[in-house]
Amino acid sequence: MKTCYLIGYPLGHSMSAVMHNAAFQSLGLDYRFKLAEVKERDLESFVESSLRSSETRGASVTIPYKILIMDYLDELDTVAKHCKSVNTIVNEEGFLKGYNTDGIGALRSLSETCGSLKGSKVLVIGAGGASRAVCYHLSLLVRELTIANRTLETAEALAESLTANPMRISRVSAKPLHELKKLISDVDIVINTTPIGMYPDTDSTPLEAKFLKPSLLVFDIVYNPPKTKLLREAETIGARTLSGIDMLVYQGSEAFRLWTGLEAPERVMKIELRRVLGEGF
Ligand code: ATR
């Protein structure tokens, strides 16, 4: 049997095991997916003892390790290198290669909802590991990309690294979080990449309801709960909303393909998530 892990801390919100175990079972694969709630001081020893083991095929990586984990890997694929962030690891006989499937998942989910993103003006809240991947892919497509973050320097560093990419077509800028009210007035799409609103912190939102407007598409990459406070309030004022569920499935589907070499049974994954997450899916 081969094991794949989810590495993160804390993991109370995670649906990755539910989704991947349903996918492995439906194809009759001798794989299992386990949660690895690892404290930062134990991350290196977990990588060396468990992740490099011959019984381990790979891992998904989530908050707060998408950036830190890169220190312990042997190689990064091109997209992960560009994103400077890893959410998927493949173990090839003890050699650990890092990938990033978050951006592909987010963009596929966004395009299914709003078609072409060409010409769009997008505001991304947060500048952590998930944001790096989403922003990298957006910067190849949209007209304007604004990154708002609590720590302005982190957003500035991300904007600078995106701007340095010769393939980038967006105008990219970095702003402090307290300017959200002003920033929102000039965008078509808002994406939350922070954990604000994620279980168990379900009464929080990264964006006050009074700043929202009906013409927006509001995308929250948080998927637990499926309808975050941000999405509920956006729906109330008549804005279009997109939950993080499809992004979870699509980034997971890419990871599944990297581990098994097979196409992921996305329908099975979605049905299982719907069963577990229930109402509000
Ligand atoms: P991930 O790898 O999943 O993206 P991360 O790298 O820990 O997670 O990034 C979390 C992001 O959410 C960061 O942009 C963080 O802002 P800082 O750079 O200022 O730390 C943001 N974030 C997390 N909690 C937040 C909070 N309570 N208020 C505002 N921003 C928050």
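A short reminder: the numbers here are calculations on the coordinates, not readings from a lab. Worth saying up front: this structure is predicted, and the values here are computed from it rather than measured. Cβ: placed from backbone, ideal geometry, glycine included. Neighbour counts: every protein chain shown.
Taking the Cα centre of the stretch 13-131 as the origin and placing charges on Cβ (Lys, Arg +1; Asp, Glu -1), which of 59, 73, 15 is farthest toward the positive end of the dipole?
Of the listed residues, the answer is 15.
Compute the helix-to-body angle for 102-114: its Cα long axis versus the longest principal axis of the chain, expressed 0 to 90° and rounded to tens.
So the inclination is approximately 50 degrees.
How would you rank 101, 228, 113, 3, going from fewest to most other Cβ atoms within 10 Å of each one's own Cβ?
Ordered from fewest to most neighbouring Cβ atoms within 10 Å, 101, 228, 113, 3 come out as 113, 3, 101, 228.
Using only Cα atoms, what Kirkwood radius does the stretch 109-212 have, in angstroms?
It works out to 13.9 Å.
Quick one: what are the phi-derived ³J(HN,Hα) couplings along the stretch 245-252, Karplus 6.51/-1.76/1.60 with θ = phi - 60°, whole Hz, x for glycine and proline?
Taking θ as phi minus 60°, the curve returns 4, 5, 4, 4, 5, 6, 5, x Hz for the stretch 245-252.
Please give, to one decimal in nm, the separation of the simple spin-label points placed at residue 140 and residue 93, each 7 Å out from Cα toward the Cβ.
3.1 nm
Can you give the percent of C-alpha pairs in the stretch 45-184 whose distance is more than 18 Å?
The answer is 57 percent, as a whole percent.
Using just the helices of the chain, give the 222 nm mean residue ellipticity in deg cm²/dmol: DSSP H runs with n ≥ 4 each add -39,500 (n - 2.57), and the total is spread over all residues, rounded to 500.
Helices in the chain give a 222 nm mean residue ellipticity of -10000 deg cm²/dmol.
Once label points are set 7 Å from the Cα along Cα→Cβ at both residue 116 and residue 235, what is their separation, rounded to one decimal in nm?
Each label point is offset 7 Å from its Cα along the Cβ direction, giving 3.1 nm.
Taking other Cβ within 10 Å of each residue's Cβ, how do 246, 203, 220 sort, fewest first?
Neighbour counts put them in this order, fewest first: 203, 246, 220.
What is the order of 147, 89, 245, fewest Cβ neighbours within 10 Å to most?
Arranged by neighbour count, lowest to highest, 147, 89, 245 become 245, 89, 147.
Could you work out how much longer the chain between residue 215 and residue 182 gets when fully extended? Use 0.36 nm per residue separation minus the Cα distance between them, nm to one decimal.
10.3 nm is the gain from fully extending residue 215 to residue 182.
Can you classify the stretch 1-111 as rounded, prolate or oblate using the Cα gyration tensor, where a ≥ b ≥ c are the square roots of its eigenvalues, rounded means a/c under 1.5, and otherwise it's prolate if a/b beats b/c and oblate if not?
Cα axes put the stretch 1-111 in the rounded bin.
Please report the equivalent ellipsoid semi-axes of the stretch 141-281, computed as sqrt(5 x eigenvalue) of the Cα gyration tensor, largest first, in whole Å.
Largest first, the stretch 141-281 gives 27, 22, 13 Å.
Cut-off under 19 Å on the C-alpha distance; same-chain residues fewer than 8 positions from residue 66 excluded. Which lysines are left, in chain and number order?
34, 39, 81, 84, 97
For a 27 Å ceiling on Cα separation, which of these pairs sit above it: 227/270; 181/270; 118/182; 175/210; 121/210; 118/213?
Where the Cα-Cα span goes over 27 Å, the pairs concerned are 181/270.
On a 0 to 90 degree scale, rounded to 10, what angle separates helix 266-277 from the longest Cα axis of the chain?
Between the helix axis and the principal axis of the chain, the angle is about 80 degrees.
I'd like the antiparallel share, as a percent to the nearest 5, of DSSP beta bridges with both residues in the chain.
Approximately 20 percent, going by the DSSP bridge assignments.
How many times 2.2 N^0.38 Å is the alpha carbon radius of gyration of the chain?
0.97
Sticking with the crude label model, points 7 Å out along Cα→Cβ, report the distance from residue 163 to residue 1 in nm, one decimal please.
It is 5.2 nm.
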